[in-house]
Amino acid sequence: MSRAGLGTPSGESFQSRRIVMQKLALVGLGASGLFALKELAGAPVEVHVFDVGPQYSKRYACPIDQGKLTVCPPKACSYCAPGQSAGSWNDFKVILSASPVIGGRLYELIGEQELQKRLDTVRQTILTHAPVEIPVVKPNKDDLDWINKRATLAGMTYHYQELLHCGSDNAPAINTSILNEIIEKGPNIVFHWDSKVQSVARRGERFAVRHDGYRKPTSNEQEDIFDYCILSVGRGGAHWLTQQEFYKALDIYPGQVDIGVRVETSCYFTEEVDKRFYEPKLYYISRHTGDVVRNFCSNPRGYVTPENHRDYVLVNGHSKMFEKSENNNFAVLVSKTFTRPFKDPQLYSQTIAKVVNMLAGGGPLVQRLGDLRAGRRTKSLANNMIKPTLEAECGDISLAYPHRILTSIMEYLDALDKICPGVAHDSTLLFAPECKSYPDSIAVNKSMETNIENLFIIGDSSSWTRGVGQATTSGLLAGEGVKKKLKELAPTPATVAQAVS
């Protein structure tokens with residue numbers, strides 16, 4: 001019989017036969033995993049969810065929100081640890097426009113109409129589950145004329161987007177509400193919280209998933225067999241993905257890494273663009289290197305925060321709907337794609353991150369822009385005009401970053417200063433390391449299924465997405481793809497009649 005599970009040992013009566021439900025492993029419950037699960041709730045498949053984080057109700061609140069700290073510690077607390085550092089938990093900014101440039105490459109995969117359709121579903125889902133009214137940031141014609149003129153004069157390119165900013169303070173309520181609705185609709189779902197998947201290996205046409213406790217590893221590592229596997233391990237899982245035995249069998253081509261800094265400056269320097277766009281997407285081509293430089297994850301009146309990956313600590317940023325700082329922070333990233341013979345861009349970015357951490361004594365490093373330009377180390381921020389929202393070690397980023405990366409970043413800030421006067425002031429702070437590593441670009445079909453049958457890779461770990469909007473969309477696509485496969489395998493009246501006869 002078919003893999004739908006109708007087959008039984010010969011001699012059994014049809015009445016004693018039962019449909020054996022197939023099993024699916026969903027590894028990672030970030031933005032993409034959550035929306036894949038949303039599609040699969042109630043489907044005729046037993047879904048096992050593996051996530052390194054604790055269940056939502058036990059996730060720690062931000063110590064700053066609790067009043068236990070006034071600034072983020074040098075090393076990240078569990079609030080930004082793996083399992084809780086997904087974009088849908090920190091800052092929760094969603095690009096709602098089907099763009100060929102911003103947020104990922106799903107535009108190439110499914111086209112504008114299909115992408116926009118699913119982004120509209122994401123928008124409606126989030127707004128339905130939000131505890132407060134969240135406005136959609138949509139620039140008007142005057143705003144577009146304003147930014148296009150200034151971007152052109154600065155030698156930059158502006159890319160249009162509609163934006164939904166939920167804020168870190170609303171993220172727990174939104175995610176928990178979405179998950180609770182999924183649980184109500186999905187008696188077919190089994191959760192494995194605080195579980196680290198050690199490996200995923202093929203067993204014929206199926207998948208063997210070995211897993212153990214994450215924060216409290218045991219000697220009782222388990223292995224379960226699944227018919228389908230959806231991997232949603234995020235940027236942090238990019239290197240893990242390359243270590244799996246099936247990886248060499250994937251149809252892949254060279255991917256990219258983004259190396260940059262987290263810029264923190266006065267909110268007054270950026271308030272004109274903040275009130276019009278919240279986060280304008282501004283791209284720049286370096287005059288000296290030809291590299292593409294872009295801004296990412298702007299947080300007006302937000303906070304710089306560490307992001308703990310255990311082996312290394314990155315910097316990130318978030319903002320809240322209600323509590324505000326006097327600063328703005330955003331990433332400036334330089335995109336690099338490697339060619340042969342180099343094959344491990346993830347290791348490259350992680351090595352840079354570890355060198356920065358080594359120089360900073362184990363955590364992030366901060367340097368004044370003026371000191372970087374002058375080729376000297378920052379020794380103190382005591383009299384600096386910009387007061388940091390993250391306690392980090394003062395130092396010299398140029399000891400860890402390649403010269404061409406820093407040259408491109410400084411060019412970008414000088415260009416941005418023509419749109420936001422003051423951004424390139426000597427007192428502006430640069431935090432490192434800010435690295436976004438992706439796996440190689442993995443060939444997938446329109447359901448995010450790889451060339452290995454029944455193996456789906458979604459979210460930023462697929463290299464097809466770079467943000468919450470398209471990550472959630474990829475999850476919807478995978479869920480739809482699995483359901484389509486299940487429908488094709490479902491018994492029909494004809495197959496039932498044949499089995500009876």
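At-a-glance table
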{"read-out": "From V334, V355, residue being in the same structural domain as E279 (by TED's automatic domain parsing), over 20 Å from the mean Cα position of the chain (by Cα) and surrounded by 14 or more Cβ atoms within 10 Å (Cβ to Cβ)", "value": "V355"}
{"read-out": "Residue within the stretch 386-404 that is at pLDDT 95 or above, within 25 Å of K281 (Cα to Cα), in a helix (DSSP H, G or I) and among the small types (G, A, S) present", "value": "no"}
{"read-out": "Selection within the stretch 436-472 - of a type in the set (D, E), touching a residue at least 40 places away in the same chain (Cβ under 8 Å) and within 12 Å of L231 (Cα to Cα)", "value": "D460"}
{"read-out": "Filter result for the condition that a residue is β-branched (V, I, T) and farther than 30 Å from T157 by Cα, over T450, T473", "value": "T450"}
{"read-out": "Test: residue in the stretch 269-284 that is of a type outside the set (S, T, Y), in contact with a Pro (Cβ under 8 Å, 6 or more places away or on another chain), over 22 Å from A151 (Cβ atoms) and touching a residue at least 60 places away in the same chain (Cβ under 8 Å)", "value": "no"}
{"read-out": "Selection count where residues are under 30 Å from M321 (Cβ atoms) and of a type in the set (S, T, N, Q), scope the stretch 167-226", "value": "6"}
{"read-out": "Residue among N383, N328, N316 that is farther than 13 Å from V261 by Cβ, assigned by TED's automatic domain parsing to the domain that holds D291 and outside any loop (DSSP other than H, G, I, E, B)", "value": "N328"}
{"read-out": "Which listed residue is more than 20 Å from S325 (Cβ to Cβ), at pLDDT below 95 and not charged (D, E, K, R), from G362, G370", "value": "G362"}
{"read-out": "Those residues of the stretch 364-378 which are surrounded by fewer than 21 Cβ atoms within 10 Å (Cβ to Cβ) and either free of Cβ contacts under 8 Å to residues at least 12 places away in the same chain or touching a strand residue (DSSP E or B) at 6+ places or on another chain (Cβ under 6 Å) (or both), in sequence order", "value": "A374"}
{"read-out": "Residues satisfying the stated conditions in the stretch 216-248, i.e. touching a residue at least 60 places away in the same chain (Cβ under 8 Å) and either among the polar types (S, T, N, Q) or in the same structural domain as L365 (by TED's automatic domain parsing) (or both)", "value": "S232, T242"}
{"read-out": "Positions within the stretch 154-174 being within 18 Å of the chain's Cα centre (by Cα), part of a helix (DSSP H, G or I) and under 30 Å from N140 (Cα atoms), in sequence order", "value": "A171, I174"}
{"read-out": "Hey, L115 within 23 Å of the chain's Cα centre (by Cα), assigned by TED's automatic domain parsing to the domain that holds N454 and closer than 21 Å to G469 by Cα or not", "value": "yes"}
{"read-out": "Residues satisfying the stated conditions in the stretch 167-207, i.e. of a type in the set (S, T, N, Q) and either touching a His at 6+ places or on another chain (Cβ under 8 Å) or touching a residue at least 24 places away in the same chain (Cβ under 8 Å) (or both)", "value": "S168, N170, N175, T176, S177, N188, S195, Q198, S199"}
{"read-out": "Residue satisfying all of: in the stretch 1-38; surrounded by fewer than 19 Cβ atoms within 10 Å (Cβ to Cβ) and not in a loop (DSSP other than H, G, I, E, B); modelled with the lowest pLDDT among these", "value": "F14"}
{"read-out": "The stretch 232-247: number of residues that are farther than 16 Å from A201 by Cα and among the hydrophobic types (A, V, I, L, M, F, W, C)", "value": "1"}
{"read-out": "Any hit, the stretch 123-136, residues being of a type in the set (S, T, Y) and either within 19 Å of the chain's Cα centre (by Cα) or buried (at least 19 other Cβ atoms within 10 Å of the Cβ) (or both)", "value": "yes"}
{"read-out": "Total residues in the stretch 276-300, condition at pLDDT below 95, of a type in the set (D, E, K, R) and under 24 Å from L390 (Cα atoms)", "value": "1"}
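Rundown of residues vs (1) out of contact with any Leu (no Cβ under 8 Å at 6 or more places or on another chain); (2) at pLDDT 95 or above, yes/no style:
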{"residue": "V137", "(1), (2)": "no, no"}
{"residue": "N140", "(1), (2)": "yes, no"}
{"residue": "R150", "(1), (2)": "yes, yes"}
{"residue": "T157", "(1), (2)": "no, yes"}
{"residue": "Q161", "(1), (2)": "no, no"}
{"residue": "I178", "(1), (2)": "no, yes"}
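For (1) crowded, with 23+ Cβ neighbours inside 10 Å; (2) part of a helix (DSSP H, G or I); (3) of a type in the set (F, W, Y), each residue gets a yes or a no:
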residue: Y412; (1), (2), (3): yes, yes, yes
residue: V444; (1), (2), (3): yes, no, no
residue: D460; (1), (2), (3): yes, yes, no
residue: G475; (1), (2), (3): yes, yes, no
residue: G479; (1), (2), (3): yes, yes, no
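Yes/no matrix, rows are residues, columns are (1) crowded, with 24+ Cβ neighbours inside 10 Å; (2) farther than 29 Å from S177 by Cα; (3) in contact with a Cys (Cβ under 9 Å, 6 or more places away or on another chain); (4) modelled with pLDDT of 80 or more:
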site	(1), (2), (3), (4)
P73	no, yes, no, no
G87	yes, no, yes, no
F92	yes, no, yes, yes
S97	no, no, no, yes
V101	no, yes, no, yes
L115	yes, no, no, yes
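The values are calculated or read from the model by the stated rules, or taken from the named source; none is laboratory data. From a predicted model like this one, the values you see are computed outputs, not experimental measurements. Neighbour counts are summed over all protein chains in view; Cβ atoms, including those assigned to glycine, are modelled from backbone coordinates with ideal geometry.
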